[in-house]
Amino acid sequence: MGELATIDVALDEMLVNLAAVVLRLSKPEITRTPEARRALTQSVHQYAVCAARSTDPRVHELKTELEKTLKPTLRIAAIDGVKVS
């Protein structure tokens, strides 16, 4: 069982490092094109699949953070000085 625990810890570390890379790539100045957004979406979903089996809380926190990068940012808009949703 010791070998499995070692492998599990190593995989968790790899997932943490991978999340850091994907988070850097999720910045708006990098994901300007539709192709870049699709690639980011695919990376985040694949990360979530891998993270699902992890017991490391860091991996799950990073999964949540990565999923937030896919949500569009909302802006307050105004027409003639009147706020609209």
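Find out how many positive minus negative residues lie around P57, taking Lys and Arg as positive, Asp and Glu as negative, among other residues whose Cβ is under 15 Å from that of P57.
Taking every other residue near P57 into account, the sum is -3.
What percent of all Cα-Cα pairs in segment 2-84 falls in each 5 Å bin, counting up from 0?
Once binned at 5 Å, the Cα pair distances of segment 2-84 give 3, 14, 22, 17, 13, 10, 8, 5, 4, 2, 1, 1, 0, 0.
Could you tell me the calculated FRET efficiency between A20 and A77, based on Cβ-Cβ distance and R0 = 30 angstrom, to the nearest 0.05?
In this case the efficiency is close to 0.35.
What does the extension gain come out to for L11 and T64, with contour length at 0.36 nm per residue minus their alpha carbon separation?
Length gained between L11 and T64: 17.3 nm.
Summing Lys, Arg as +1 and Asp, Glu as -1, what charge do residues with Cβ under 10 Å from the Cβ of V16 carry, V16 excluded?
It works out to a net charge of -3.
Rounding to the nearest 20 debye, state how big the charge dipole of segment 2-84 is about its Cα centre with +1 on each Lys and Arg Cβ and -1 on each Asp and Glu Cβ.
The calculation lands at about 560 debye.
Under 8 Å for C-alpha pairs, at least 6 residues apart: give me the relative contact order for the chain, rounded to a whole percent.
28
Read the figures in this text as sums done on the coordinates, not as results from a lab. Quick caveat: nothing in here was measured; it's all calculated off a predicted structure. Reconstructed Cβ throughout: ideal geometry from the backbone, glycine too, with neighbour counts over all protein chains shown.
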